[in-house]
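A short worksheet on the structure shown next.
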Amino acid sequence: MERNIFKVEREARGRISGDGVELAFGCWPGRGAPIIALHGLTASFMSFVGVADQLKGRRPLFALDLRGRGDSDKPEGPYGMAQHARDVAVAMQTLGIGPSVIVGHSMGAFVAAALAAQNPELVSGILMIDGGYVPDLPVGVDASKMLDATLALRIAQLTRTYDSRQAFLEFWREQPNFPPADWNPWIEAFLDYEVAGETTVQPKASPGGVALDVAEAFKKEEIIDRLRSLGVPALLLRAEHGMEPSHPPLFPDPVVKLFRECLPEMKDELISGTTHFTITLGERGASRVADSIVEFAATCEQA
């Protein structure tokens with residue numbers, strides 16, 4: 001049966017139906033079937049602006065704002081990985097997009113796994129960027145508090161206001177998450193999209209939606225079950241550093257070893273000189289992620 005082919009002829013932004021919500025998206029043209037890109041916990045589709053630039057038209061990239069983020073609808077609920085996956089599935093089905101490589105950064109990697117578990121007919125491979133697995137925590141450690149501490153700055157700034165877009169940019173320029181050597185127009189475009197308003201501005205991401213997703217973040221049995229059910233190729237790209245250059249990586253070798261117990265055939269690669277943020281928005285990270293997407297998609301299509 002012939003299926004509708006989604007073609008992107010020029011860079012565009014728009015809105016598409018999800019599961020009872022409208023989702024904002026960005027898409028960039030290229031050759032072949034589109035790559036679907038899903039962002040992290042408090043981010044937006046603009047997390048992939050650098051990757052799209054570095055793809056240089058080798059593949060189309062279709063990136064969504066998940067519900068509660070960016071310019072997508074922000075209902076009170078439901079949230080969670082399964083719900084985000086349902087939204088992505090509806091958007092893909094609406095556009096007639098068939099089996100695709102799903103790229104997920106951070107939380108987006110968990111959503112990608114949920115999509116593959118719920119709608120395997122839509123997924124030909126999963127490329128996870130610094131996300132997709134949570135290791136065991138020490139006895140007595142509260143999972144949600146640990147995640148809150150890890151992302152404390154990102155979560156706290158969701159309820160702050162700033163005098164202007166420039167003030168918001170300068171706030172982040174002073175943070176170590178984006179080292180001065182990595183600061184570039186992609187990071188500025190990502191941050192500019194993060195806030196709403198022209199004079200007094202505030203981040204667009206819904207604090208309530210983020211909190212509900214955080215509550216799901218350490219449901220380890222569900223995460224492992226989804227990973228073990230995957231029947232498609234998987235690739236993990238991991239940053240050398242954590243949220244900033246002085247932090248240890250989120251995926252050191254011992255964690256990758258545990259990750260591979262769920263996905264024995266998973267390939268992985270460490271991208272040197274990157275943090276959890278600059279792995280997609282820094283020049284070194286975006287370039288390697290783009291090349292990996294092209295290589296990985298070709299492998300999935302040959303499988």
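Cβ separations smaller than 9 Å between residues 6+ apart or across chains give the following pairs from segment 244-266 residues that are among the polar types (S, T, N, Q) to residues that are at pLDDT 90 or above: Ser246/Pro176. Residues of segment 223-251 that are charged (D, E, K, R), under 16 Å from Gly40 (Cβ atoms) and in a loop (DSSP other than H, G, I, E, B): Glu244 alone. Kindly indicate whether Ser229 is touching a helix residue (DSSP H, G or I) at 6+ places or on another chain (Cβ under 8 Å) and surrounded by fewer than 17 Cβ atoms within 10 Å (Cβ to Cβ). Yes: the conditions hold for Ser229.
Taking strands (runs of 3 or more DSSP E) as the structural unit, those lying wholly within segment 10-129 and holding at least 1 residues that are within 22 Å of Ser229 (Cβ to Cβ) and more than 16 Å from the chain's Cα centre (by Cα) correspond to 123-129.
Scanning segment 180-209 for residues that are acidic (Asp, Glu) and in contact (Cβ under 8 Å) with a residue 40 or more places away in the chain yields Asp182, Glu194.
Taking the residues in segment 128-151 that are of a type in the set (A, V, I, L, M, F, W, C) and at pLDDT 65 or above as candidates, determine which candidate is surrounded by the fewest Cβ atoms within 10 Å (Cβ to Cβ). Walk me through it before giving the result.
We begin by selecting, within segment 128-151, every residue of a type in the set (A, V, I, L, M, F, W, C); these are 128-129, 134, 137, 139, 141, 143, 146-147, 149, 151.
Subset that is at pLDDT 65 or above: 128-129, 134.
Working: Met128: 28, Ile129: 33, Val134: 20.
My answer is Val134.
So which of Ala205, Ala181, Ala211, Ala189 ends up being among the aliphatic types (A, V, I, L, M), under 30 Å from Asp163 (Cβ atoms) and outside any helix (DSSP H, G or I)? The conditions single out Ala205. For Phe25, the conditions (1) without any contact (Cβ under 8 Å) to a residue 60 or more places away in the chain; (2) surrounded by fewer than 24 Cβ atoms within 10 Å (Cβ to Cβ); (3) of a type in the set (Phe, Trp, Tyr) are fulfilled apart from (1).
Looking at Leu227, Leu212, can you tell me which residue is modelled with pLDDT of 95 or more and not polar (S, T, N, Q)?
On the way: Leu212 fails: modelled with pLDDT of 95 or more.
Within the list Leu227, Leu212, the selection yields Leu227.
The values are calculated or read from the model by the stated rules, or taken from the named source; none is laboratory data. Note that this is a predicted model, so its numbers are computed, not measured. As a convention, Cβ positions derive from the backbone with ideal geometry for all residues, glycine included, and neighbour counts pool all protein chains shown.
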